[in-house]
Amino acid sequence: MYYQPDIETMPLEQLRELQLERMKRSIAHAYEHIPLYRERFQEAGVVPSDLKSLDDLVKFPFLTKQDMRDSYPFGLFAVPQSEVARIHASSGTTGQATVVGHTARDLKNWGDCFARGIYMVGGSKESVIQVSYGYGLFTGGLGAHAGGEAVGCSVIPTSSGNTKRQIQMMKDLGTDILACTPSYALLIADTALEMGYNPAEEFKVSGVILGAEPASENMRQEIREKLGVQYCDVYGLSEVMGPGVAMECAAAHGLHVAEDHFYAEIVDPETLQPVPDGTYGELVFTTLTRECCPLVRYRTRDVTRIIPEECSCGRTHRKIDRIIGRTDDMMIIRGVNVFPSQIEQVITGFPEIATQYQIVLTNNGPLDRIELQVEPVADFPFDEIRKLEDLKSRLHAELKSNLQISVDIRIVEPKSIERSEGKAKRIIDLRKGNNA
């Protein structure tokens, strides 16, 4: 089932021609209206007319999040204020906030992109979508909301929080699609079970559209089983648009990029040179239709790969693999590069361990110390020291075997790790000289 079949199944040659046409227009638009792009292009010795083919994009310079911070608030806006329909911004907790604007057309395109994911989980204008992402400057809530309205769904704008009330509304109002973060979907499922419901059998929800944070395959499967749903992973970031840049179809092997609106590259994060399809590297986006804030070669810091295969769903837009980490949250543990998502994959392989965990970073002198905090499931005999030590030993051995790392492991009491009603905080950085 397709939302825009003529676009989503467009022949590849025609799609590439459309991308080139739109890329030429978008790069010229950025160059003509944003001083930073003119300056960077001149430094690189290029002008928009140098783009003759999609392969010529490598001649153009990159844009980074720091560039966006340095351009705060409106330095990367390419339209006058009268044409800016909405403004979103990052929290700025790790630095200067980044501000992104949208014209009315930008917002329509955004809604259409997310709407494709609603159709991917079997949705239609008859559906009831419950949006449990946060609303506000964060793009999640309003992005999913726009997708629901584009399809013609009944939209329930619950936002995040007040979980028991959310569950009651989900049951009473017949929600069949839930949109939120994976950790919140799992909290909803667990809370519903504690309330005496069996959501997989008693609720109408049949599809979830989850994003904003990574989730291991074991965590995805736990959500599928507890809620009885098809899982759709959604990728997006506020700088590029918001949720809907890429969506996961029923084939559940990668996320289709909305290639009529975005051109994706994968580059080596060290050399910044493009890598072959199938090779992991840093995801880079060039927007093709953005009016307010066009981006040319924006470095997302997300690590993934292009999946070089045709999809059984019939969509022709290229797929990216699930994000395995970020170049800026990668941890180096005794010389081994490790992402939190890789640790999560190991943790969720233990039925005795809940899906909640935290990685606590501290330092003692010049050396960093990494403590992995996990909690057992509710029925685990926490008071039996021998069983606790056995579990810790087996987890330690599995991390060593799979990831070649050795970390301090602390098993805490069940349900003592703080649950999130939004985006889970997996890394707690308590090192001196770092803000956590």
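The values are calculated or read from the model by the stated rules, or taken from the named source; none is laboratory data. Keep in mind that this is a model prediction, so the values were computed, not measured. Reconstructed Cβ throughout: ideal geometry from the backbone, glycine too, with neighbour counts over all protein chains shown. With ligands, DNA and RNA removed, areas are computed over all heavy atoms of the protein, side chains included. Shrake-Rupley method; radii C 1.70, N 1.55, O 1.52, S 1.80 Å.
Each of the peptides 422-428, 380-386, 229-235 was scored by the mean count of other Cβ atoms within 10 Å over its residues; in descending order, highest first, they stand as 229-235, 422-428, 380-386.
Check cross-link reach from K392 to the lysines: straight Cα distance under 18 Å, and skip same-chain residues fewer than eight apart. Within the straight-line limit of under 18 Å, K392 reaches these lysines: K400, K415. With a cut-off of 10 Å between beta carbons, the residues surrounding A200 carry a summed charge of -1, where Lys and Arg count +1 and Asp and Glu -1. Think of each Lys and Arg Cβ as +1 and each Asp and Glu Cβ as -1; about the Cα centre, that makes the dipole of the chain roughly 660 debye.
Working note: Cα atoms of segment 1-55, range along each principal axis, descending, whole Å: 46, 20, 12. For segment 188-238, the solvent-accessible area works out to 37 Å² per residue, with a probe of 1.4 Å and every protein chain left in place. Multiplying the residue separation of A104 and Y280 by 0.36 nm and subtracting their alpha-carbon distance yields 59.8 nm.
The relative contact order of the chain comes to 14 percent, based on Cα pairs under 8 Å that sit 6 or more residues apart. Using Cβ point charges alone (K and R +1, D and E -1), the dipole size of segment 315-425 about the Cα centre works out to roughly 620 debye. Of the peptides 340-346, 242-248, the order by per-residue mean of other Cβ atoms within 10 Å, starting with the highest, comes out as 242-248, 340-346.
Modelled label positions at T362 and E270, each set 7 Å beyond Cα in the direction of Cβ, lie 3.3 nm from each other. With the simple spin-label model, which puts each label point 7 Å out from Cα in the Cβ direction, the E371 to F74 separation comes to 4.9 nm. Spin-label model, I417 to Y135: label points 7 Å out along the Cα-to-beta-carbon direction sit 3.1 nm apart. Taking all C-alpha pairs of the chain, those more than 32 Å from each other amount to 40 percent.
Hey, if you put +1 on the Cβ of every Lys and Arg and -1 on every Asp and Glu Cβ in the chain, which of A115, A28, G75 ends up farthest toward the positive end of that dipole? Most positive-ward Cα: G75. The stretch between R25 and L173, if pulled fully straight at 0.36 nm per residue, gains 48.8 nm over its current Cα-Cα span.
With the highest mean first, a sort of the peptides 264-271, 183-190 on other beta-carbon atoms found within 10 angstrom per residue produces 183-190, 264-271. For the pair A250 and T64, the difference between a 0.36 nm per residue extended length and the Cα-Cα distance amounts to 63.7 nm. Dipole magnitude for segment 244-314: about 240 debye, using +1 per Lys or Arg Cβ and -1 per Asp or Glu Cβ, origin at the Cα centre. The spacing between segment 205-267 and segment 1-76, judged by their C-alpha centroids, is 24 Å.
Whenever you get a sec, compute what percent of the accessible area on the chain sits on carbon and sulfur atoms (1.4 Å probe).
Reported share for carbon and sulfur atoms: 48 percent.
Relative contact order of segment 10-59: 34 percent, from C-alpha pairs under 8 Å at least 6 residues apart in sequence. Positive end of the dipole of segment 108-249 (Cβ unit charges, origin at the Cα centre): among C180, I156, G140, the Cα lying farthest that way belongs to I156.
Compactness check for segment 64-209: Cα Rg over 2.2 N^0.38 Å is 1.19.
Sites listed here are trypsin sites (Lys or Arg not before Pro) in segment 124-215 whose DSSP assignment is loop and whose Cβ has at most 13 other Cβ atoms within 10 Å: K125.
Using the rule -39500 (n - 2.57) for each DSSP H run of four or more residues, divided by the residues of the chain, the 222 nm mean residue ellipticity is -9500 deg cm²/dmol.
As an exercise, use a Förster radius of 22 Å and the Cβ-Cβ distance of N402 and E217 to find the FRET efficiency, rounded to the nearest 0.05. Let's see the in-between values first.
On the way: r = 14 Å, r/R0 = 0.62.
FRET efficiency, N402 to E217: 0.95.
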